[in-house]
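Right, one structure below, let's go through it.
The values are calculated or read from the model by the stated rules, or taken from the named source; none is laboratory data. Please read all numbers here as calculations on a predicted model, not as lab measurements. A quick note on method: Cβ atoms are made from the backbone with ideal geometry, for glycine too, and the neighbour counts reach across all protein chains shown. Side chains are part of the model used for accessible areas, which takes the heavy atoms of the whole protein and leaves out ligands, DNA and RNA. Shrake-Rupley method; radii C 1.70, N 1.55, O 1.52, S 1.80 Å.
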Amino acid sequence: MTKRPRLYFSFRSPYSWMALHRLQQALPDVHERFEWLPYFAPDETTQSVLDARGIEMHYTAMSKAKHLYILQDVKRLTARMGLSMRWPIDIDPWWVLPHHAYFAARRAGAGLEFYNAMCAAR
């Protein structure tokens, strides 16, 4: 069995959404060609499990300046790509759940459908 290249994504990242949108347009079978793996900031429970196993997630909180730049940059990029987007209001988001749900959907053979539905909802 040939190993597929890994493609990391995040439901939290508008850059991830835009890149995968373009990839799906260029390669309609991208979900079959690549192993899609979600990346997310771990919650306290997940972090303690990772710590116990000696696993380190490379996550750093974002500065206000970077956050403001991203808001501006994403608006510019979505306009250029002809995409419509509204920023969601995240009140105490729990990123573990939707990313783990992707794994369940993938096991059920509906990974791509779940990914696209989550992006549309978000």
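The table below lists the values:
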quantity: Members of segment 18-33 that are open to solvent by less than 60 Å² (accessible area, probe 1.4 Å) and either farther than 12 Å from residue 81 by Cα or not in a helix (DSSP H, G or I) (or both); calculated: 20, 23, 24, 27, 29, 30, 31
quantity: Test: residue in segment 41-60 that is modelled with pLDDT of 90 or more, out of contact with any Ser or Thr (no Cβ under 8 Å at 6 or more places or on another chain) and closer than 20 Å to residue 13 by Cα; calculated: no
quantity: Unmet requirement for residue 90, which otherwise passes all of (1) touching a Ser or Thr at 6+ places or on another chain (Cβ under 8 Å); (2) open to solvent by 60 Å² or more (accessible area, probe 1.4 Å); (3) closer than 15 Å to residue 10 by Cβ; calculated: (1)
quantity: From 7, 23, 37, 27, residue being closer than 15 Å to residue 114 by Cα and at pLDDT 90 or above; calculated: 37
